[in-house]
Amino acid sequence: MKKTLTALALAVATLAAVAPARAATYSGDLIIGFSTTSGNDVIFDLGQRSALTSGETWDLSGLFSSASMSLSGTPVINWGVIGNKNVGGTTRTAWVTGLIDPPTLLGTPNYNALNTPTISIAGGSTPLLPGGSITGPASDPNSWNTQTILGPLSGNYVNAYQSPNNQGFTSVPFWEVVANGSSPNQLGSFAFANSAIVTFPAVPAPSSHSLLVLPPLFFFLLPRKPPSVACNPLVPLHSTTTPTPSTPQHPHYVIP
């Protein structure tokens, strides 16, 4: 009996060690997913949007190895980032990757429509924690492939909002959309390399120096109109005398 209990305890400990980190409810973490539309998909929790730092990287090579997903470029890997959260309990906000501006969210119904599939992708009733991952068949109902690529149901993410996917080893813009009808705001981009390393470079803030200098330069670089002869006070308007030609004046530019 003692040996049986010991073996059972070891089995439970082993399962706990390999099980993905899970939370009680989805807390709005960013989720990155990968799929070749066959074999296994990989889903990874990047953590909260507010915790992102420019230049942050994640090495996912171990996940690709465990999922037997090739990094050779064949078949092509579809990948993207999604997430949403009611920030501060008042501002419903979604985040998504995409080569073009994502659709605006007009209010709570639009937000809820994408929130439901996001919860399913992130693990349902026991969602991932930062650094946690899910590896499973691309044919599963809540796989990255089914939810964001195939979309057989109207409630799947790709139909409720848009596809977040890009293909191959490249970078894709990362957007923030507040559910109040406002325009999307690009926060930066996510890059995926053939080493299975994901990087987040943020959009650099505009230089205050350029904002101060450019307008004066633009003003002074405008060509100045040369004075006409008719406006020359030294030549009468009705004079019959042909004025002596003066040196032609050309538009000139002043660079301060």
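Things worth noting here:
- Identity of the residue in region 135-168, in contact with a Gly (Cβ under 7 Å, 6 or more places away or on another chain) and not polar (S, T, N, Q), that ends up farthest from TYR111 (Cα to Cα): GLY168
- Only one of ASN86, ASN40 that is of a type in the set (S, T, N, Q), at pLDDT 95 or above and touching a Lys or Arg at 6+ places or on another chain (Cβ under 6 Å): ASN86
- Subset of region 143-154 [touching a residue at least 24 places away in the same chain (Cβ under 8 Å), within 15 Å of ILE82 (Cα to Cα) and over 20 Å from the mean Cα position of the chain (by Cα)]: SER143
- Output for region 97-117, where each listed residue is assigned to a loop (DSSP other than H, G, I, E, B) and within 18 Å of LEU187 (Cβ to Cβ): GLY98, LEU99, ILE100, ASP101, PRO102, PRO103, THR104, LEU105
- Test: residue in region 128-144 that is under 19 Å from SER50 (Cβ atoms), buried (at least 22 other Cβ atoms within 10 Å of the Cβ) and not basic (Lys, Arg): yes
The values are calculated or read from the model by the stated rules, or taken from the named source; none is laboratory data. Only a predicted model underlies this, so the values are computations on that prediction, with no experimental measurement involved. Backbone-built Cβ (ideal geometry, glycine too); neighbour counts: all protein chains shown.
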